[in-house]
1. When you go through Ile87, Ile34 one by one, which is the residue that is under 24 Å from Ala116 (Cβ atoms) and touching a helix residue (DSSP H, G or I) at 6+ places or on another chain (Cβ under 9 Å)?
2. Does Ala315 fit the bill of being in contact (Cβ under 8 Å) with a residue 40 or more places away in the chain, part of a helix (DSSP H, G or I), open to solvent by 30 Å² or more (accessible area, probe 1.4 Å) and out of contact with any Pro (no Cβ under 7 Å at 6 or more places or on another chain)?
3. Please note which helices (runs of 4 or more DSSP H) are completely contained in the stretch 225-310 and include at least 2 residues that are out of contact with any helix residue (DSSP H, G or I) (no Cβ under 8 Å at 6 or more places or on another chain).
4. Among Leu76, Leu6, which is open to solvent by less than 80 Å² (accessible area, probe 1.4 Å), of a type outside the set (Gly, Ala, Ser), modelled with pLDDT under 90 and out of contact with any Ser or Thr (no Cβ under 8 Å at 6 or more places or on another chain)?
5. Which one of these does Glu131 not meet: (1) under 30 Å from Asp5 (Cβ atoms); (2) under 18 Å from the mean Cα position of the chain (by Cα); (3) in a helix (DSSP H, G or I)?
6. Hey, Ser229 hits all of (1) surrounded by 21 or more Cβ atoms within 10 Å (Cβ to Cβ); (2) closer than 19 Å to Phe302 by Cβ; (3) in contact with a His (Cβ under 8 Å, 6 or more places away or on another chain) but one; which does it fall short on?
7. Can you tell me how many residues in the stretch 1-59 are assigned to a helix (DSSP H, G or I) and of a type in the set (S, T, N, Q)?
8. Considering only residues that are hydrophobic (A, V, I, L, M, F, W, C), touching a residue at least 40 places away in the same chain (Cβ under 8 Å) and in a helix (DSSP H, G or I), which ones fall in the stretch 75-98?
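The values are calculated or read from the model by the stated rules, or taken from the named source; none is laboratory data. As the structure is a computational prediction, the values presented were derived from the model and not from experiment. Please note: Cβ atoms are built from the backbone with ideal geometry, for glycine as well, and neighbour counts cover all protein chains shown. Note: accessible area is taken over every heavy atom of the protein model, side chains too, but ligands, DNA and RNA are not part of it. Shrake-Rupley method; radii C 1.70, N 1.55, O 1.52, S 1.80 Å.
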Amino acid sequence: MSSADLALANLTHPAILAFVLGIVAVLVRSDLHIPSGAAKLLSSYLLLAIGLKGGAALTEASPSELVAPIAVTLALGAILPVSAYVILKRWGRFSIADAAGIAAHYGSVSAVTFAAALAFATAVGVGPAPEAFLPALVAVLEIPGILIALAIAHRARQGGNLRSAVTEVLAGSSMLLLLGGIVIGAVAGPTGRELIAPVFVAPFAGVLVLFLLHLGVTAGQRLRDVRKSGPFLVAFAVAMPLVAGSLGAILGTMAGLSVGGAAVFGAMAASASYIAAPAAVEVSLPEANLGHALTASLGVTFPFNLALGIPLYHALATYLG
């Protein structure tokens, strides 16, 4: 399947079309929206379902299968926030707080981008299915990037409440749902997982469509902010995922992941957090402009990955594989 065919397959996926519908709704000034309470429920469902799947896979994977993927995940968790901070501080001339705040978002991971990439890789069906333990790597990648970026800012200015930020990340709802789901999925066993499969397995794709509709509306509302953010930040929000996603696909392949697994791993590396990172940055760096980070991560990087990034990382993983 050519890169053009991959891109077309991705753009015609129901979840991506729902995201586009959300943007269109904003552009035509429709009153279409997902209530905030329902959106929170949808995101909680996705995180818990991803965790449950990862926990089940961990019980079936041998330790030797996990060592290399976890090692490259931790390496990315250090490389990405440091690189992002240096670029934003030196060439973007952002303040310490703003550079670190944006770097925290790009050092972490978007669980929704992961879910979309996993759905795409599964639907394309090139080679073996992506490794079932990949959701566990989402949890491994989410924490270090945020903490390292905040630690950089803490050291640079010799201030800030880093301990509160650590607590915020570890006790935040997204991390608890993801890690809690992994534990439940591992402990429940096949019988327990079979009981909840009708709720957490079959409906997953439909819930993802609904949540991406909500994110489409949210991204559409930030289109005006994208124009105000300046060309450097917009360029960064496109270039950073391209470089990070390519690096992720390369490292995933080197770690022994399948073509689909390396592609999803690339999408993980290319994604930017917009749930856990904003909460942590708000606590540790209250002077940081969250508008910059959210506009870049949700207004530019997220749509870019959904439309073009995911098939590009899959094409690279296919070439490397």
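1. Ile34
2. It is false that Ala315 is in contact (Cβ under 8 Å) with a residue 40 or more places away in the chain, part of a helix (DSSP H, G or I), open to solvent by 30 Å² or more (accessible area, probe 1.4 Å) and out of contact with any Pro (no Cβ under 7 Å at 6 or more places or on another chain).
3. Helices (runs of 4 or more DSSP H) meeting the threshold: 231-254.
4. Leu6
5. (3)
6. Single failed check for Ser229: (1).
7. 6
8. Ala75, Leu76, Ala78, Ile79, Leu80, Val82, Ala84, Ile87, Leu88, Trp91, Ile96, Ala97
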